[in-house]
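The structure appears right after this line, and notes come after that.
The values are calculated or read from the model by the stated rules, or taken from the named source; none is laboratory data. Remember, predicted model here, so these are calculated numbers, not experimental data. A quick note on method: Cβ atoms are made from the backbone with ideal geometry, for glycine too, and the neighbour counts reach across all protein chains shown. Protein only, heavy atoms only, side chains kept; ligands, DNA and RNA dropped before computing areas. Shrake-Rupley method; radii C 1.70, N 1.55, O 1.52, S 1.80 Å.
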Amino acid sequence: MRQVSSILSFETPGRSLTDITRAMADWLDEAGISEGLLTLLCRHTSASLLIQENAAREVRGDLLTWLDRLAPEGPHYAHDDEGPDDMPAHLKATLTGVNLQIPVIGGRMALGTWQGIYLAEHRAMPHRRQIAVHVFGE
Amino acid sequence: MRQVSSILSFETPGRSLTDITRAMADWLDEAGISEGLLTLLCRHTSASLLIQENAAREVRGDLLTWLDRLAPEGPHYAHDDEGPDDMPAHLKATLTGVNLQIPVIGGRMALGTWQGIYLAEHRAMPHRRQIAVHVFGE
Amino acid sequence: MRQVSSILSFETPGRSLTDITRAMADWLDEAGISEGLLTLLCRHTSASLLIQENAAREVRGDLLTWLDRLAPEGPHYAHDDEGPDDMPAHLKATLTGVNLQIPVIGGRMALGTWQGIYLAEHRAMPHRRQIAVHVFGE
């Protein structure tokens, strides 16, 4: 049993879901662990991680619209130093979460057929985001 | 230290919370790990995993009703290929999440007294759902 | 590779976010693991764990207000044995989740600069809450 960890960086184009499934599979290949457990932690409070549908593009659009509806911009927040999209971004990151864990079985992440890993950017402007990744196993 | 992983299948009766606590305890017994970490990943985008109250049945009913309120069916989704319950199911799965991790201490999952593990089915119809499980330890 | 686990207790003052980042860092120091993976499980169904902004206090206030808006008290719940704040507390715990995983790199939790670990108390009255913690590595 051994472990590998790293801090990866991704550029986001502002409010969006960026598919990082391939990047994670590539990192896992480099790590050389074929049976084990992969963990991701998004190191931010206004971006997050989630697993969702990787085929129908409309699902991602509807998801972003729904998050806007649950955590709308508006004058009712005490925290607005960084603009109207800031506090909604914290709320969306809380709802979706900053952690993912994926068993690694037979050299591959044990995701379902329709599952992709997404870095969710909740701020309006482009950002550089860091994800701490860790895998252990054999 | 060693690890065991598997893909388990569960039948759901449509929109519901299925208690899989006993099934997970049984699987853990078979794996023979008494100190370690258990990880679950639901391999779907319209079903999910959560830990909630295992005693009062009303809590589960109220929870399902609340999810319906936060992610209602309606004509406002772009994604509706699979019926009106499809997009709400993706949203509910995103809110509740597809991952759980449970420390194993003294031969048992370190759950609280009132905690049960639930497979949440968000589609209206019955489905067969897969959960990737992984445990490591000694 | 070795592992350490424990059950930690925290007093909460009722509905609030309690910063437990320092307590977790201290526990990790005692465990003596400098490269590995830290897991937390809140052993309750009306309290939860989340990672959020550790600097601007207003973020935490806005977050609690938002949770009140998404899961308001009211007469529409079937489960009300323990008072009007009980069912909303279960819902808020479900939304935020009871699990966290944090890679440990170079002797420290790999949190972002602005990330703190919070125990979220969703009941109105003070409670004593337990968190199962587990770390493995070397």
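Quick notes on this one:
- Taking all protein chains into account, the per residue accessible area for the range A:2-137 stands at 37 Å² (1.4 Å probe).
- Accessible area per residue was computed with a 1.4 Å probe on protein heavy atoms; B:LEU37 scores about 0 Å².
- In this label model, C:ASP80 and A:ARG57 are separated by 4.8 nm, measuring between points 7 Å along each Cα→Cβ vector.
- P(r) tail, the protein assembly as shown: Cα-Cα pairs separated by more than 36 Å, 17% of all pairs.
- Of the GluC sites (Glu not before Pro) found in the range A:36-81, those in coil by DSSP whose Cβ has at most 16 other Cβ atoms within 10 Å are A:GLU73.
- Given +1 at the Cβ of Lys and Arg, -1 at the Cβ of Asp and Glu and no other charges, the dipole of the protein assembly as shown around its Cα centre is 520 debye to the nearest 20.
- Tilt relative to chain A, helix A:86-96 - C-alpha long axis, 0 to 90 degrees, to 10: 40 degrees
- Measuring how big chain A is from its alpha-carbon positions, Rg and Dmax come out at 15.9, 52 Å.
- The modelled label-to-label distance for the pair B:ARG22/A:ALA124, using points 7 Å beyond Cα in the direction of Cβ, is 5.4 nm.
- Crossing angle, helix C:21-31 versus chain C [Cα axis fit, 0-90 degrees, rounded to tens]: 40 degrees
- When its C-alpha radius of gyration is set against 2.2 N^0.38 Å (N residues), the range B:79-125 gives a value of 1.61.
- In units of the rule-of-thumb radius 2.2 N^0.38 Å, the range C:1-57 shows an alpha carbon radius of gyration of 1.28.
- Loop chymotrypsin sites (Phe, Trp or Tyr not before Pro), the range A:1-103, which have at most 11 other Cβ atoms in a 10 Å radius of their Cβ (DSSP): none
- When only the Cβ of Lys, Arg, Asp and Glu is charged (+1, +1, -1, -1), the dipole of the range B:2-137 relative to its Cα centre reaches about 320 debye.
- Against the main long axis of the alpha-carbon atoms of chain A, helix A:57-70 sits at an angle near 50°.
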